1. Per-residue ellipticity at 222 nm for the chain, helices alone: DSSP H runs ≥ 4 residues times -39500 (n - 2.57), over residue total, nearest 500 deg cm²/dmol?
2. Could you tell me whether segment 1-63 comes out rounded, prolate or oblate from its Cα gyration tensor? Rule is a ≥ b ≥ c as square roots of the eigenvalues, rounded for a/c under 1.5, then prolate if a/b exceeds b/c, otherwise oblate.
3. Compute and list, largest first, the equivalent-ellipsoid semi-axes of the chain from the alpha carbon gyration tensor, each √(5λ) rounded to a whole angstrom.
4. Calculate the spin-label point distance for LYS113 paired with ASP73, positioning each point 7 Å from the Cα along the beta-carbon direction, and give it in nanometres.
5. Ignoring ligands, DNA and RNA, what percent of the accessible area of the chain is carbon or sulfur (1.4 Å)?
6. Taking a 1.4 Å probe, which of GLU38, GLU44 shows the most accessible area, and what order do the others take after it?
7. Kindly sort LYS18, LYS7, LYS114 by accessible area of their heavy atoms, largest first, with the probe set to 1.4 Å.
8. Sequence gap at least 6, Cα distance under 8 Å: using those rules, report the relative contact order of the chain to the nearest whole percent.
Amino acid sequence: LDNTFAKLQKKNDVFKPKVPVLTSGPITAQIGMKEGLEGGEKFEVLEMVLNKDGKVEYKVVGKAAVDKKIVWDNRYGAGEEGEIQKDADGNVITSTIFKGSKKIQPGMLLKLKK
């Protein structure tokens, strides 16, 4: 079921995942294998801006790519039976790491590109 949703998200702009940036050093977000990430996918970085009318707009301010080394395994049943995903230093992985500009700040949105 997760794979079906991931394919739908990649093909249709309306369904593309949009997730907030959690940290900026390194850039992390809680999105992972359940959403079809494998490493290397490209994302637009969006910043919320209020226009003169008081309406919210999202402006593209940068780009980010999924780090191929650390993609969070958030699929159903992952981490059960003692198989907790850890990085090279032995830390538990709870989000995916991205490579991108140092201008990217927590709270900005990441949106999957085609």
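1. Working: 1 runs with 10 residues, N = 114.
Dividing the helical sum by the residues of the chain leaves -2500 deg cm²/dmol.
2. oblate
3. Semi-axes from the Cα gyration tensor: 26, 18, 11 Å.
4. Spacing of the two 7 Å Cα→Cβ label points: 2.9 nm.
5. 51 percent
6. GLU38, GLU44
7. Listed by decreasing accessible area, they come as LYS114, LYS7, LYS18.
8. Result for the chain is 37 percent.
The values are calculated or read from the model by the stated rules, or taken from the named source; none is laboratory data. As the structure is a computational prediction, the values presented were derived from the model and not from experiment. We place every Cβ from the backbone using ideal geometry, glycine too, and count neighbours over all the protein chains shown. Note: accessible area is taken over every heavy atom of the protein model, side chains too, but ligands, DNA and RNA are not part of it. Shrake-Rupley method; radii C 1.70, N 1.55, O 1.52, S 1.80 Å.
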